[in-house]
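The values are calculated or read from the model by the stated rules, or taken from the named source; none is laboratory data. From a predicted model like this one, the values you see are computed outputs, not experimental measurements. Because the Cβ atoms are built from the backbone with ideal geometry, glycine has one as well, and the counts that use them run over all protein chains shown.
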Amino acid sequence: MPAISRRLFLGSSAAATGAAVASGVPLAAVASAGAAKAPAYGPAAGVAKLNANENPYGPSPGAIKEALEATKLGAYYVGASVPMLKSMIAERHGVTPEHIALSSGSSGVLTYIATAAGETGNILGPDLFWDTTARMGTRHGGEVVRLPKDDGLEIDLDAMFEAITDDVSLVQITNPNNPTGLSLDGEALRAFCKKASRKVTVLVDEAYNELTEDPEYTSMVDLVREGYDVIVARTFSKIYGMAGMRVGYAIASPATTESMILSHGLGDYAMNQAGVAAAVASYNDLGFLEMSKARIMEARDMVMKGLDGVGLSALPSSTNFMFVNLGDLDAEVFRQKMADRNVLIRGIYRDYTHWSRVSMGRLEHVQMYVDALAPVLEEMSA
Ligand SMILES: Cc1ncc(COP(=O)(O)O)c(C=O)c1O
């Protein structure tokens, strides 16, 4: 190809990157040379990335090994690993592989479900929940309807039930919730789901389920097994530490899986071979999962103590992040001042201007957050 058309074909920055990679310079180095704080993969050295609820202890060593093997055969579309992963998930939960739909992160299935729900009505959720996929799914129909804001940050299940009107096609609950980190009691949620699912499909996003005190009690998978109109979404992005590998799934009746998920997405064809290989390798790796959970709990303790030391507090978390009450301080200013110290956290959610979310990263990064608390607060009160 002549140089000029080759450049048009690649685009100038892609051409530069392509040339660098061809000459043996790793992509990560190319990107970080251009933008010190934005390497191609993961955070730059010295940056505490605590803003996206990633779990830096993953992927597990077994997952990395299998993903590398799968990458060597990346010329081929996914094969037997997909039914294998579905069977493993189905076996754990006492359902059939037809109850399982995989997607690129749980964002895939969550978006498909929201799209399907939007075709026939609105999605009802609490005032504050992980609403990205619901909002995205309703772009072509329906809307996200929220419970009115009240004084508490707990989800009011009675109010939620009362709010199920005829134009609601889906109720969405995130449990534990993001960004609050709060977990609903398993029995209370179970009673709600049984009652509500007689009126409308209930979606329970359980992205952080494995981090709760009693994951089985907290999960609503048993209701899917018993035939209630309930969908459970799960992900390999959190406890498994595979956010960048993009594997998630839904558990629902085969009929719902077909009508709300498979008919609205690409199904298995969308899956990434390396991600699926990593998921298969780590799904039952109890040693890795326990290690991950223990580190996250250690980090939560560090943050709680650090906050206490400066007179702040956080909600009790059942996740790998904490929702910090900043009193009368502005969460966006707090975020900016933390970023100035290479500590990346989330800013304001909706109109919760005095609440700030921080993820449990590596302990040394969590320590950077704790160390920055006092000077940042001092600056903000100056
Ligand atoms: C509650 C919840 N659900 C789903 C997701 C989406 O994650 P993924 O698409 O990586 O599975 C997130 C991401 O932070 C989340 O917090």
### Query
Which residues, taken from segment 322-380, are polar (S, T, N, Q) and either more than 19 Å from residue 154 (Cα to Cα) or part of a helix (DSSP H, G or I) (or both)?
336, 342, 359, 367
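Report yes if residue 105 is in contact with a Gly (Cβ under 6 Å, 6 or more places away or on another chain), over 18 Å from residue 220 (Cα atoms), assigned by TED's automatic domain parsing to the domain that holds residue 166 and within 12 Å of the ligand (Cβ to nearest atom), otherwise no.
Answer is yes for this residue.
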### Task
Would you tally the residues in segment 232-246 being near the ligand (Cβ under 8 Å from one of its atoms) and aliphatic (A, V, I, L, M)?
2
### Summary
A careful count of residues in segment 68-102 that are within 16 Å of the ligand (Cβ to nearest atom) and more than 15 Å from residue 252 (Cα to Cα) gives 1
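Every residue, every condition in (1) more than 28 Å from residue 345 (Cα to Cα); (2) out of contact with any strand residue (DSSP E or B) (no Cβ under 6 Å at 6 or more places or on another chain); (3) within 11 Å of the ligand (Cβ to nearest atom), yes or no:
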position	(1), (2), (3)
161	yes, yes, no
171	yes, no, no
193	yes, no, no
208	no, yes, yes
259	yes, yes, no
### Summary
Of the listed residues (295, 300), the one being assigned to a helix (DSSP H, G or I), among the charged types (D, E, K, R) and either touching a Ser or Thr at 6+ places or on another chain (Cβ under 9 Å) or within 16 Å of the ligand (Cβ to nearest atom) (or both) is 300
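Residues checked against (1) farther than 25 Å from residue 52 by Cβ; (2) among the aliphatic types (A, V, I, L, M):
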{"residue": "207", "(1), (2)": "no, yes"}
{"residue": "216", "(1), (2)": "yes, no"}
{"residue": "230", "(1), (2)": "yes, yes"}
{"residue": "233", "(1), (2)": "no, yes"}
{"residue": "237", "(1), (2)": "no, no"}
{"residue": "270", "(1), (2)": "no, yes"}
{"residue": "273", "(1), (2)": "no, no"}
{"residue": "286", "(1), (2)": "yes, yes"}
{"residue": "290", "(1), (2)": "no, no"}
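Does residue 189 satisfy being part of a loop (DSSP other than H, G, I, E, B), within 16 Å of the ligand (Cβ to nearest atom) and among the aliphatic types (A, V, I, L, M)?
no
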### Query
Of all the residues that make up segment 312-347, how many are more than 14 Å from residue 369 (Cβ to Cβ) and free of Cβ contacts under 8 Å to residues at least 24 places away in the same chain?
4
### Summary
Of the candidates 260, 297, 220, the one satisfying the condition of being among the aliphatic types (A, V, I, L, M), assigned by TED's automatic domain parsing to the domain that holds residue 323 and farther than 22 Å from residue 70 by Cβ is 297
### Summary
Exactly one of 255, 278 is more than 29 Å from residue 60 (Cα to Cα), part of a helix (DSSP H, G or I) and not charged (D, E, K, R), and that residue is 255
### Task
Output the residues belonging to segment 185-217 that are of a type in the set (S, T, N, Q) and closer than 21 Å to residue 144 by Cα.
197, 201
### Task
Scan segment 214-240 for residues that are surrounded by fewer than 24 Cβ atoms within 10 Å (Cβ to Cβ) and farther than 20 Å from residue 318 by Cβ and jot them down.
225, 226, 227, 228, 229
#### Entry: Some residue of segment 134-153 being buried (at least 22 other Cβ atoms within 10 Å of the Cβ), away from the ligand (no atom under 16 Å from the Cβ) and more than 23 Å from the chain's Cα centre (by Cα)
yes
### Failed item in (1) part of a helix (DSSP H, G or I); (2) surrounded by 24 or more Cβ atoms within 10 Å (Cβ to Cβ); (3) free of Cβ contacts under 8 Å to residues at least 60 places away in the same chain, with residue 202 passing the rest
(1)
